[in-house]
Amino acid sequence: MENASKALIMAASVLIAIVIISAFILMMSNLTSYQESSYQSNLSAQIAEFNNQYTTYDRNNIRGSDMISLMNKVSDYNTRYTGEEGFTEMQITIKMNGYNDDLAFDHTNRIITESQYTQDNIYLIVGRPTLNTVNGSNVVTSEVTSGPIRTIENKYQQKYCNQLASEIANIASIANNNSYSTSKKNELFDNEKILPNSASSYGGVSAIYEDALKYYEYIQFKRAYFDCVGEPEYDKNTGRILKMEFECTGIGV
């Protein structure tokens, strides 16, 4: 009888142990499932947040100023993550559709000279980001640190660059008048009070006019309209947006 009782106690102990182990395994399985679900949910949210930065441009009648913002964003992204494992370069194509000449005051392009812009040559408009390596990671410290537009803005200050663009016809009449001497052109320009300093301090009217032509073209590009054509393409592995294409449809005011 005593042996039977001991056997029953042992059997009960084994059964309890099995129940406890089973419950523990089930709990761990549920925990793992929850963690995996939570991870996938967070990953999906991160992908959606990333894509939303770019899908906002998936529309028509986008201004060139928005295209510049997009190009800076793509340039920053590609520069920041180049060389990292699993990174795929984002590809953006902007087709000018023959509107280049309409951007230039004298129909001679100085800034928007290409018929098509991609992630490989957009720096010709927006400049290049500054890239430093900090603790093994790429860090972009500034969106644009070089390029013709940044050079002009640094030379005159942006508010005066806008004034140069708006006064382009007036500047052209002075710069292109061959009956004036260089000193006379500088004097006439200074009388217009377009810039805070004398024309000679900026290299003379001819140099100012050349910069004004470039910045005028840049302003016109910012006013142009673009359509996103086709559907954005997504990376099959990461789900992140990978390709977008745009076409210029006209020059705005």
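The values are calculated or read from the model by the stated rules, or taken from the named source; none is laboratory data. Note that the coordinates shown come from a computational prediction; the quantities given were computed from them, not determined experimentally. Cβ placement follows ideal geometry from the backbone for every residue including glycine, while neighbour counts extend to all protein chains displayed.
State which residue is modelled with the highest pLDDT when the search covers only the range 95-128 and only residues that are surrounded by 21 or more Cβ atoms within 10 Å (Cβ to Cβ) and more than 20 Å from Leu164 (Cβ to Cβ).
So, considering only residues that are surrounded by 21 or more Cβ atoms within 10 Å (Cβ to Cβ) and more than 20 Å from Leu164 (Cβ to Cβ), the one modelled with the highest pLDDT is Met96.
Would you be able to say whether some residue in the range 62-78 is in a loop (DSSP other than H, G, I, E, B) and without any contact (Cβ under 8 Å) to a residue 12 or more places away in the chain? Give the derivation first.
Of the range 62-78, the ones in a loop (DSSP other than H, G, I, E, B) are none.
Looking through the range 62-78, none of the residues is in a loop (DSSP other than H, G, I, E, B) and without any contact (Cβ under 8 Å) to a residue 12 or more places away in the chain.
Taking the range 197-238, which residues are of a type outside the set (Ser, Thr, Tyr), in contact with a helix residue (DSSP H, G or I) (Cβ under 7 Å, 6 or more places away or on another chain) and either assigned to a loop (DSSP other than H, G, I, E, B) or not assigned by TED's automatic domain parsing to the domain that holds Thr93 (or both)?
Gly204, the sole residue that qualifies.
Counting just the residues of the range 75-94 that are modelled with pLDDT under 90 and in contact with a strand residue (DSSP E or B) (Cβ under 8 Å, 6 or more places away or on another chain), which one comes out nearest to Gln53 (Cα to Cα)?
Within the range 75-94, the match that is nearest to Gln53 (Cα to Cα) is Asp76.
Regarding Leu242, is this residue part of a strand (DSSP E or B) and either modelled with pLDDT under 95 or more than 22 Å from Gln53 (Cβ to Cβ) (or both)? Working first, answer last.
On the way: part of a strand (DSSP E or B): yes; either modelled with pLDDT under 95 or more than 22 Å from Gln53 (Cβ to Cβ) (or both): yes.
Yes; evaluated as a whole, the condition is true for this residue.
How many residues does the range 50-74 contain that are outside the structural domain of Cys228 (by TED's automatic domain parsing) and modelled with pLDDT under 90?
Summing the residues that are outside the structural domain of Cys228 (by TED's automatic domain parsing) and modelled with pLDDT under 90 in the range 50-74 gives 1.
Pairs, please: C-beta under 7 Å, at least 6 apart or cross-chain, first residue assigned by TED's automatic domain parsing to the domain that holds Phe246 and in the range 79-105, second of a type in the set (Val, Ile, Thr) and not in a loop (DSSP other than H, G, I, E, B)?
Listed pairs, sorted by first residue: Thr79/Val140; Arg80/Val140; Met90/Val74; Ile92/Val74; Tyr99/Ile251; Asp102/Ile251; Leu103/Ile251; Phe105/Ile168.
Hey, can you tell me all the residues within the range 162-196 that are small (Gly, Ala, Ser) and assigned to a helix (DSSP H, G or I)? Spell out how you get there, then give the answer.
Taking the range 162-196 as the starting set, the residues that turn out to be small (Gly, Ala, Ser) are 165-166, 169, 172-173, 175, 179, 181, 183.
Matches in the range 162-196: Ala165, Ser166, Ala169, Ala172, Ser173, Ala175, Ser183.
Output the residue which, of all residues in the range 57-74 that are over 12 Å from Ile241 (Cα atoms) and of a type in the set (Val, Ile, Thr), is surrounded by the most Cβ atoms within 10 Å (Cβ to Cβ).
Per the criteria, the residue is Ile62.
Of everything in the range 207-248 that's out of contact with any Cys (no Cβ under 9 Å at 6 or more places or on another chain), buried (at least 16 other Cβ atoms within 10 Å of the Cβ) and of a type in the set (Val, Ile, Thr), which residue is nearest to Tyr160 (Cα to Cα)?
Filtering the range 207-248 for residues that are out of contact with any Cys (no Cβ under 9 Å at 6 or more places or on another chain), buried (at least 16 other Cβ atoms within 10 Å of the Cβ) and of a type in the set (Val, Ile, Thr), the one nearest to Tyr160 (Cα to Cα) comes out as Ile208.
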